[in-house]
Amino acid sequence: MLLGSFRLSASVAVILFFLCNVELAVVDLLCEGKYAELMRGKPESGSTMVTWVWVTYHVGSLFAALVTGPVADSGNIAAVFWICMPLAAQVCVPVYLGWLKDPRLPEGERGIRKEKLRKHPRVFMISIAMALCAMGQALVNLNYRSRPIVLFAYSATVSCGLIVAAFWGMPPKLARANLFLFLDSVVYIQVRIGYTRRCTSRDSEEGFVMRIE
């Protein structure tokens, strides 16, 4: 993997991708949990908060597309990483300054909250099962990429099993919400239209292609 003028090994690239997902966990999950907690105290602000979150999200996505698109088209793809690094690193500021306002537990109360495990054992069992299934999906993709029927069979079996497990171990309302998000992802059709140019030793062809995913 090449990042600017630095050539990275596969191990370093894996670590960097792991850090990207850590940032997503902080920015998405922890922040969502915090403003959901605050909305419970002031339910009248719920719609305003959610609207603000999604407006800023889409404005950021638009800005990212406006910047990364022309840069990538110019062939300087590595510059995209350097542009995104300070934007990604800024999440350290609110976390370090304590803007999430999570109470700091005393020394003896830190660690795994075993009472939560005892109170909601099925939820944790489902979480572990989801993690194991995701790892299995990665292994199947690596070893059976040329056999789509195997990929489909594994994905369908795991999805059905996790849906049943959700209704077994989660409150009905959460299980139905989980099912809705799953179906929303399944029926989502993404159409990509792009310009392509194919060159051979004899001639060249160019035109627009459409891909449905």
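We did not get these values from a lab; they are worked out from the coordinates using the rules stated. Bear in mind the structure is a predicted one, so any value in this text is a computation, not a measurement. We place every Cβ from the backbone using ideal geometry, glycine too, and count neighbours over all the protein chains shown.
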### Message
Suppose each label sits 7 Å from its Cα in the direction of the beta carbon; what would the residue 104-residue 160 distance come out to in nanometres?
### Response
5.2
### Message
Output needed for the range 108-155: three equivalent-ellipsoid semi-axes, defined as square roots of 5 times the C-alpha gyration tensor eigenvalues, in descending order, whole Å.
### Response
35, 12, 4
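Please list the three semi-axes, largest first and in whole Å, of the ellipsoid equivalent to the range 1-102, using sqrt of 5 times the eigenvalues of its alpha carbon gyration tensor.
Here the semi-axes work out to 32, 18, 10 Å.
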### Task
For the range 76-136, just say rounded, prolate or oblate: build the C-alpha gyration tensor, square-root its eigenvalues into a ≥ b ≥ c, call rounded for a/c under 1.5, and beyond that prolate if a/b exceeds b/c, oblate if not.
oblate
### Euclidean distance between Cα centres, the range 37-69 to the range 115-149, Å
30
